[in-house]
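Input: a single structure, listed below in structure tokens.
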């Protein structure tokens, strides 16, 4: 600073606040914000299972999840609510020892209120990332299988289907995407194989190969509005 004084450069020329970069924030520059809030919740979980046979089990669960709300630090007066989710899942787990096979399949449904997500806010002069909330729901099916084909060869496969949509959500840009996809692909699967060479007292060598697939992203009116014109 003494060098700047010797050169006659005033302090205001090199001390500035880079956080206040858009007009709404500039209007509040220098003002102290003492917003505060608190959040609390009771999140129960209920699980039941039943063994039809020694190797076949059915199960069901109902659980609630929770995440506290908060504030967007660089957005004046911005507060987002706490996130709540209810999830129901039911399915079976089956083991077939005679065939070296085990599998499980389940179906589920979940519903979010005020799901928190980072998004790019383009309603200000300079776009910025903020936490935004939306209500959404989804249902789906999961399948997993593992086959010990031989003592050395293992094969596995898993597949998932999910239909995820917004229940109620209007973007900061004013686009109503209620009832539209959230962007999560409907289908995905993965499969793999592993082979183990036993080298006795010298150890072992294991080689594996995997392949995964993820379906196309499902667009909403919001995502389509961001795409360039064809």
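The values are calculated or read from the model by the stated rules, or taken from the named source; none is laboratory data. Not measured: the values here are computed from a predicted model. Ideal geometry is used to build each Cβ from the backbone, glycine not excepted, and the neighbour counts take in all protein chains shown.
For the reader, a short list of remarks on this structure follows.
- Within the stretch 187-204, considering residues that are modelled with pLDDT under 95 and touching a strand residue (DSSP E or B) at 6+ places or on another chain (Cβ under 8 Å), the one farthest from residue 121 (Cα to Cα): 199
- Residue tally, condition within 23 Å of residue 42 (Cβ to Cβ), in contact (Cβ under 8 Å) with a residue 40 or more places away in the chain and surrounded by fewer than 14 Cβ atoms within 10 Å (Cβ to Cβ), over the stretch 56-109: 1
- Flag for residue 174 being surrounded by fewer than 16 Cβ atoms within 10 Å (Cβ to Cβ), free of Cβ contacts under 8 Å to residues at least 12 places away in the same chain, out of contact with any strand residue (DSSP E or B) (no Cβ under 6 Å at 6 or more places or on another chain) and under 30 Å from residue 127 (Cα atoms): yes
- Boolean, residue 115 is surrounded by fewer than 16 Cβ atoms within 10 Å (Cβ to Cβ) and under 30 Å from residue 159 (Cβ atoms): no
- Entirely in the stretch 124-201, the strands (runs of 3 or more DSSP E) that have 3 or more residues that are under 23 Å from the mean Cα position of the chain (by Cα) and within 20 Å of residue 87 (Cα to Cα): 128-148, 153-168
Let's see how each residue does on (1) surrounded by fewer than 15 Cβ atoms within 10 Å (Cβ to Cβ); (2) touching a residue at least 60 places away in the same chain (Cβ under 8 Å); (3) under 30 Å from residue 99 (Cβ atoms):
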site	(1), (2), (3)
138	no, no, no
148	no, no, yes
151	yes, no, yes
165	no, no, no
207	yes, no, yes
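- Candidate set from the stretch 209-230 (those that are farther than 22 Å from residue 119 by Cα and surrounded by 10 or more Cβ atoms within 10 Å (Cβ to Cβ)); member that is farthest from the chain's Cα centre (by Cα): 210
Conditions (1) closer than 30 Å to residue 154 by Cα; (2) in a strand (DSSP E or B); (3) modelled with pLDDT of 95 or more, marked per residue:
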position: 73; (1), (2), (3): no, no, no
position: 85; (1), (2), (3): no, yes, no
position: 90; (1), (2), (3): yes, yes, yes
position: 94; (1), (2), (3): yes, yes, yes
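- Verdict on residue 115 being at pLDDT below 80, in a strand (DSSP E or B) and touching a strand residue (DSSP E or B) at 6+ places or on another chain (Cβ under 7 Å): no
- Residue tally, condition out of contact with any strand residue (DSSP E or B) (no Cβ under 8 Å at 6 or more places or on another chain), modelled with pLDDT of 85 or more and not in a loop (DSSP other than H, G, I, E, B), over the stretch 12-60: 0
- Residue match in the stretch 118-131 (condition: at pLDDT below 90, exposed (fewer than 14 other Cβ atoms within 10 Å of the Cβ) and under 27 Å from residue 64 (Cα atoms)): yes
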